[in-house]
Every structure is written in C-alpha cells, then in structure tokens.
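Some notes on the structure that comes next.
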Amino acid sequence: MPEKENILVIKLSALGDFIQALGPMAAIRAHHPDAAITLLTTKPLTGFGQASGYFDDIWIDERPRLFDLPGWLRLRGKLNYARFTRVYDLQNNDRTALYFKLLSPKPEWVGAAKGASHRNNSPGRTAGHAFDGHVQTLGLAGISNVSIDPMDWVDADISRFEIAQPYMILVPGCAPNRPEKRWPADRFAALAKKIATAGITPVIIGTESEQEAAEQICRAVPQTVNLIDQTSLFDIVVLGRNAAASIGNDTGPMHLIAPTGCPSYVLFSRHSNPVRHAPKGANVRTIQVNDLKDLSPDDVAAEISEL
C-alpha cells in the first residue's frame with residue numbers, strides 16, 4: 001500500500017492575502033482528498049483554518065528571529081520529524097525560503113523557493129493579485145479549477161446587532177499609518193445620508209481607531225448602526241453575506257466582505273494599485289482617484305447601483 005500523503009500548506013499573513021489563499025487551499029484539499037494536510041499559519045488566522053475543514057492539523061508559526069538559534073532548531077526538528085511528502089508554499093517570501101532550507105530530505109515543494117521541485121519563478125506570479133499567483137503556481141502541480149472561496153462555511157450569529165434590513169456596510173478606516181488611503185469621514189457621512197434617504201440602514205464596522213470617524217457619521221445620520229470594535233472576523237463575513245452592498249477604503253474588512261458576493265465598492269487613491277490590491281469577489285468594483293479628498297459623495301453614489 002502506498003504511503004499516505006502528508007502535506008504542509010504555508011500561509012502566514014496578512015489578512016487579505018490569507019482570504020485570497022482560501023480558494024487555493026480548498027483546491028489543494030480537493031486534489032488530495034485522502035491526505036493528512038497541516039496548515040502552518042499565524043495565531044490570528046487559525047480560526048479560518050479550523051472552520052474551513054480543509055486541514056487535519058493547524059500549526060502556529062513561532063516566527064523565530066534571525067539569531068534565535070534555539071527557535072530555529074525547534075522549528076527544524078518539528079518540520080523534519082513530520083516527514084512531509086509535499087509542501088505548498090502560499091507565502092513565498094524570504095522566511096519560507098529559509099524553511100525550505102531546513103528540510104532534510106527535501107519533500108516536493110510547490111512555490112517560489114530556489115531548488116523547489118515545482119518552482120514558479122515567473123515574473124507573472126507577482127504581477128497581479130496574490131490569488132492569481134497561487135493559481136499559476138498550483139497549475140505547476142497539476143491543480144486546476146481554483147476559484148475564490150465564498151466562505152459559505154463561516155457562521156456567526158449577527159442577530160444581536162438588531163440591524164434593520166436592508167443595510168449597507170461602510171468601512172471608513174484603514175491602517176493608521178496610511179492616511180492617504182482614507183476617504184474623509186465627512187464624505188462617508190454625506191454618503192450615509194444618501195443611503196438612509198433610500199431607506200437603507202448604514203452600518204459602520206472597523207476597529208477602535210475609527211471610532212471618531214464613526215461618531216462623526218452617526219451625528220450626521222442618527223439611523224446609522226455603529227459596530228466599531230464590536231465585530232469578529234466571522235461576524236464581518238456574515239454581515240457582508242447579508243448586506244445590500246459595502247463601501248470602504250482599501251483595507252482588511254473589505255477583503256472579508258467581497259468574496260461573499262456582496263456588491264463591494266472599494267475606494268483607491270494613487271497610493272495603491274487595485275490591479276494588485278483590490279479584494280477578490282464576484283461583485284467588486286473599484287473607484288480610483290489621485291487624491292481621495294477629491295472624490296465626492298455624489299461620485300460614489302453614482303457608482304452604487306443599489307441606490
């Protein structure tokens with residue numbers, strides 16, 4: 001009897017990239033239905049790995065520092081003791097190239113690392129979305145029919161939020177160190193007025209750092225539901241699944257909403273490239289201007305077919 005396949009999938013971060021990797025992960029599972037498949041990832045993303053059903057085990061990457069010799073020795077021992085027969089590297093960075101070097105004997109390695117059995121060193125791998133690069137790489141290993149995962153397996157009870165239907169999601173935040181990617185809060189407030197006038201409930205999601213912007217929007221439109229710092233990642237997926245539309249900056253929550261099929265309108269300045277960084281989903285539209293301060297609420301509302 002042939003030895004059972006023992007497979008490692010590596011995907012460490014970031015949130016948007018991990019979400020785009022879920023479809024490739026599903027394709028790996030479908031291609032190896034009887035294999036033991038382990039996911040190596042970071043702690044914040046383990047919930048998605050566990051809930052997806054694509055993996056038999058989840059390892060949390062301890063990410064040893066460069067000169068942490070004991071940490072590297074522990075990692076090398078763990079990787080080699082597992083005796084993986086194949087590794088799918090969906091991270092493809094300098095760190096995972098080091099992980100490849102730790103393995104002895106070398107398993108089949110699907111990724112960009114030098115020496116990989118199925119090496120993708122094509123410039124096209126990084127020319128577009130991370131998802132498109134994964135499709136190209138998995139093709140080298142005979143895996144086709146890779147699609148965006150709509151995350152139908154994500155479940156969460158959002159009834160506690162008591163949101164009147166229909167509703168639209170507003171995502172006014174972004175990384176605190178990237179203000180140039182942020183549409184001004186007063187523009188979101190003006191858009192929320194148009195949404196409420198159309199009989200649709202505006203719903204704001206984000207982290208605590210967006211609370212000031214959310215309060216400004218709520219003062220302008222009291223019907224707005226403020227869910228800042230109240231939603232889990234799974235909540236955001238389910239909220240998106242049931243929303244009439246979502247409008248937001250180039251930021252993580254939009255990557256959670258877009259794959260569900262929710263009509264998603266993502267705002268870009270010249271400082272981001274939607275060809276590489278827009279969320280993936282069946283109903284994603286991007287709106288790009290040089291400076292988001294020059295984008296008017298009327299311009300955005302005109303793009304939203306649900307209004």
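Comparing G23, G128, G111 in a Gaussian network model of the chain, where Cα atoms under 10 Å apart are tied by springs, the biggest mean-square fluctuation is seen for G128. Summarising the amide proton neighbourhood of T201: residues at separation of 5 or more, or on other chains, whose placed amide H is nearer than 5 Å comprise Y167, M168.
Considering only G124, T207, A302, and ranking their Cα positions along the charge dipole of the chain that arises from unit charges at the beta-carbon of Lys, Arg, Asp and Glu, the one farthest toward the positive end is G124. Ordering L45, L15, L69 by the number of other Cβ atoms within 10 Å of each residue's own Cβ, fewest first, gives L69, L15, L45. For F268, nonlocal amide neighbours, meaning residues 5 or more places apart or on other chains whose placed amide H falls under 5 Å from its own, are I287, Q288, V289. Please find, in a Gaussian network model of the chain (springs between Cα atoms separated by less than 10 Å), the residue of P253, P123, P33 whose mean-square fluctuation is greatest. Most flexible of the set in this elastic network: P123. Of all lysines in the structure, those lying under 17 Å Cα to Cα from K114, and not within fewer than 8 positions of it along the same chain, are K101, K106. Put simply, the convex hull of the Cα atoms in region 6-140 casts, on average, a shadow of 7.6 nm². Average 1/r across all pairs of distinct alpha carbons in region 1-76, invert it, and you get the Kirkwood radius: 13.4 Å. Taking the Kirkwood radius as Rh and the Cα radius of gyration as Rg, the chain has a ratio of Rg/Rh equal to 1.02. In this structure the amide hydrogen of T42, modeled in the peptide plane, comes within under 5 Å of the amide hydrogens of D61, none closer than 5 places in sequence on its chain. Phi-derived couplings, Karplus 6.51 cos²θ - 1.76 cosθ + 1.60 at θ = phi - 60°, listed residue by residue for region 151-161: 6, 4, 7, 6, 10, 7, 8, 9, 5, 5, 7 Hz, with x used for Gly and Pro. Look at the alpha carbon pairs under 8 Å that are at least 6 residues apart: their mean separation over the length of the chain gives a relative contact order of 15 percent. Ranking of M25, M151 by neighbouring Cβ atoms within 10 Å, starting from the fewest: M151, M25. Calculated on C-alpha atoms, the gyration radius of region 231-307 divided by its Kirkwood radius gives an Rg/Rh of 0.96.
Summed over all non-identical Cα pairs, the Kirkwood treatment of region 159-303 gives a radius of 14.8 Å. Listed values for region 263-279 are Karplus-derived 3J(HN,Hα) couplings in whole Hz (6.51 cos²θ - 1.76 cosθ + 1.60, θ = phi - 60°), namely x, 10, 10, 10, 9, 10, 9, 5, 7, 9, 10, x, 4, 9, 10, 5, x, and x replaces Gly and Pro.
Compute a Gaussian network model of the chain, connecting alpha carbons closer than 10 Å, and tell me which residue from L66, L75, L292 fluctuates the most. Maximum among the listed residues: L66.
If you add up the charges near A112, with Lys and Arg at +1 and Asp and Glu at -1, over every other residue whose beta carbon is less than 13 angstrom from its beta carbon, what do you get?
In short, +2.
Remark: H277, H271 ranked as H271, H277, counting other beta-carbon atoms within 10 Å and listing the fewest first. In order along region 176-192, the Karplus-derived 3J(HN,Hα) couplings, from 6.51 cos²θ - 1.76 cosθ + 1.60 at θ = phi - 60°, round to x, 8, 10, x, 5, 9, 10, 6, x, 4, 5, 6, 4, 4, 5, 5, 4 Hz, and Gly and Pro are given as x. Think of region 7-128 as a dipole: +1 on every Lys or Arg Cβ, -1 on every Asp or Glu Cβ, centred on the Cα centre; then among A113, Q50, A27, A113 lies furthest on the positive end.
Any read-out appearing in this document is the output of simple, stated calculations on the displayed coordinates, not a laboratory observation. The shown structure was predicted, so the numbers you read here are calculated from the model rather than taken from an experiment. Every residue, glycine among them, receives a Cβ derived from its backbone with ideal geometry; neighbour counts consider all protein chains shown.
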